[in-house]
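Asks: Got a structure for you, written out below as structure tokens; questions coming shortly.
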Amino acid sequence: MPASLNTTSYDVVFFAGDDYLSYKEYEKMMVEQLESQIVEQQFLEQCFAKMDVNRDGTITAKEIAKTMKISNAEADELVREGDTDGDGELTFEGTGTHLACNSLGIGN
């Protein structure tokens, strides 16, 4: 395998005994990548829905603390880390949902 392509994501599909990526190999790689992104998106949507207790489209530290059964201080820290606009709440589009879901394991 050429050194420039020495990454684990390519190792799955490279190579069919040669140094070329066939269209079939490329297609397989892209389908797997897209499927992975869809699964992650669904996971984040489910996670957000579980934490958005009052269904207003945002997640507060209070909702995180209640849903995750963690301290208010821990929940406040998660919101501070993920709050992209400084309003003290997390939105689905912001990075905070991803941070909260992955660091605390909701939705698994």
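The values are calculated or read from the model by the stated rules, or taken from the named source; none is laboratory data. All of these numbers come straight from a predicted model, not from anything done at the bench. Cβ atoms come from the backbone with ideal geometry, glycine included; neighbour counts cover every protein chain shown. Quick note on the areas: whole protein, heavy atoms, side chains included, nothing else; ligands and nucleic acids left out. Shrake-Rupley method; radii C 1.70, N 1.55, O 1.52, S 1.80 Å.
Asks: What about ASP85, is it surrounded by fewer than 13 Cβ atoms within 10 Å (Cβ to Cβ) and on the phi < 0 side of the Ramachandran plot? Spell out the reasoning first.
Replies: Numbers: surrounded by fewer than 13 Cβ atoms within 10 Å (Cβ to Cβ): yes; on the phi < 0 side of the Ramachandran plot: yes.
It is true that ASP85 is surrounded by fewer than 13 Cβ atoms within 10 Å (Cβ to Cβ) and on the phi < 0 side of the Ramachandran plot.
Asks: Go through the range 55-85 residue by residue and tally those that are out of contact with any strand residue (DSSP E or B) (no Cβ under 6 Å at 6 or more places or on another chain) and in contact (Cβ under 8 Å) with a residue 24 or more places away in the chain.
Replies: 8
Asks: How many residues are in contact (Cβ under 8 Å) with a residue 12 or more places away in the chain and open to solvent by less than 70 Å² (accessible area, probe 1.4 Å) when one looks only at the range 39-52? Quick ask: steps written out before the conclusion?
Replies: Residues of the range 39-52 that are in contact (Cβ under 8 Å) with a residue 12 or more places away in the chain, as a first pass: 43-48, 50-51.
When the remaining residues are screened for being open to solvent by less than 70 Å² (accessible area, probe 1.4 Å), the result is 43-44, 47-48, 51.
Residues in the range 39-52 being in contact (Cβ under 8 Å) with a residue 12 or more places away in the chain and open to solvent by less than 70 Å² (accessible area, probe 1.4 Å): 5 in total.
Asks: Being under 23 Å from GLU93 (Cα atoms) and either surrounded by 12 or more Cβ atoms within 10 Å (Cβ to Cβ) or not acidic (Asp, Glu) (or both) narrows it down to one residue among SER71, SER36; which is it? Full working, then the answer.
Replies: Numbers: SER71 fails: under 23 Å from GLU93 (Cα atoms).
Residue meeting the stated conditions: SER36.
Asks: Also, quick follow-up: If a residue must be closer than 20 Å to THR84 by Cα and not in a helix (DSSP H, G or I), how many such residues does the range 49-74 contain?
Replies: Residues of the range 49-74 closer than 20 Å to THR84 by Cα: 49, 51-52, 55-65, 72-74.
Filter once more, keeping what is not in a helix (DSSP H, G or I): 52, 55-60.
Qualifying residue count for the region: 7.
Asks: Among what's in the range 1-48 and is of a type in the set (A, V, I, L, M), in a helix (DSSP H, G or I) and at pLDDT below 90, pick the residue that is farthest from the chain's Cα centre (by Cα).
Replies: Just the residues of the range 1-48 that are of a type in the set (A, V, I, L, M), to begin with: 1, 3, 5, 12-13, 16, 21, 29-31, 34, 38-39, 44.
Narrowing further to those that are in a helix (DSSP H, G or I): 3, 5, 29-31, 34, 38-39, 44.
Right, trim to at pLDDT below 90 and you get 3, 5, 44.
Working: ALA3: 29, LEU5: 25, LEU44: 6 Å.
Result: ALA3.
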